[in-house]
1. Between the range 34-101 and the range 103-182, what is the separation of their alpha carbon centroids in Å?
2. What number, rounded to the nearest 500 deg cm²/dmol, is the helix-based mean residue ellipticity at 222 nm of the chain, given -39500 (n - 2.57) per DSSP H run of at least four residues and division by all its residues?
3. Nearest 20 debye, what's the magnitude of the dipole of the chain about its Cα centre given +1 on Lys and Arg Cβ and -1 on Asp and Glu Cβ?
4. Compute the helix-to-body angle for 54-77: its Cα long axis versus the longest principal axis of the chain, expressed 0 to 90° and rounded to tens.
5. Using a basic spin-label model with each label point 7 Å from the Cα along Cα→Cβ, how many nm lie between Lys49 and Leu138?
6. By a straight-distance test (C-alpha under 27 Å), which lysines pair with Lys49 as possible cross-link partners, with residues fewer than eight away in the same chain excluded?
7. Along the range 159-166, what does the Karplus equation 6.51 cos²θ - 1.76 cosθ + 1.60 (θ = phi - 60°) give for ³J(HN,Hα), rounded to whole Hz, x for Gly and Pro?
8. Please give the per residue accessible area of the chain, computed with a probe of 1.4 Å over protein heavy atoms only, in Å².
Amino acid sequence: MTGSAGQGQRLPLVFLIGYRGTGKTTVARLLAGRLGWSWLDADAVLEAKWGQTIREIFDQEGEPGFRDKEAAVLEELCSLENHVIATGGGIILREDNRRSLRQGRVIWLTADAQTIWTRLQQDAATAARRPNLAQGGLDEIETLLLQRAPWYAACTDVMVDTTTKSPEEVAALLGEFLLGPN
Ligand code: S3P
């Protein structure tokens, strides 16, 4: 884990950012339990709000249509308190989103490309919910991880490499980071 607990005035929100398959949703739930907070998955909020899957939105409106909705949802979520929020992997692409995220504490979950590819292949929701963003497969993951790393880093308080860690281990580490050791 790399980062510092450097504080400043922040909203009582923790955002989990990072590429698909890095465990954001599971860790959000487990970490919220440790903090005694609630948790949400921003993509699930988006799908419920518009009554469509992300794949349907991509098919009908393309990626720009999806990104507009993603930004609107993030703005709404920033009015919450005491929530851990798992965000979609591309939330960091827009500068306004990065600024919004920085209002809370931001945790970047990462993993190596091969691990992410293996996890996504094992995840039944992948095909139904996750449209290809570039060429697909391991190549897409390698390309986008590299492209996006500076944007993830730009708004991150702490980064955790989840390649060899279970979601429970990641949540325990982060709980300690945010609350201090018991
Ligand atoms: C995306 C990741 C997805 C979802 C959309 C776009 C991305 O979220 O927001 O398909 O650009 O990486 P997950 O990271 O939860 O899979």
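1. 16 Å
2. Rounded to the nearest 500, the figure is -17000 deg cm²/dmol.
3. Roughly 340 debye, rounded to the nearest 20.
4. Result, in degrees: 20.
5. Distance between the two pseudo-spin positions: 3.7 nm.
6. Counting by Cα, and skipping residues close in sequence, Lys49 has these lysines nearby: Lys24, Lys69.
7. For the range 159-166, the Karplus-derived couplings read 10, 10, 7, 9, 3, 10, 10, 7 Hz, x marking Gly and Pro.
8. It amounts to 48 Å² per residue over the chain.
The values are calculated or read from the model by the stated rules, or taken from the named source; none is laboratory data. Everything quoted here is computed from the prediction, not taken from an experiment. Methodologically, a virtual Cβ is constructed for each residue, glycine included, from the backbone with ideal geometry; neighbour enumeration extends over all protein chains shown. Only protein heavy atoms, including side chains, enter the accessible area calculation; ligands, DNA and RNA are left aside. Shrake-Rupley method; radii C 1.70, N 1.55, O 1.52, S 1.80 Å.
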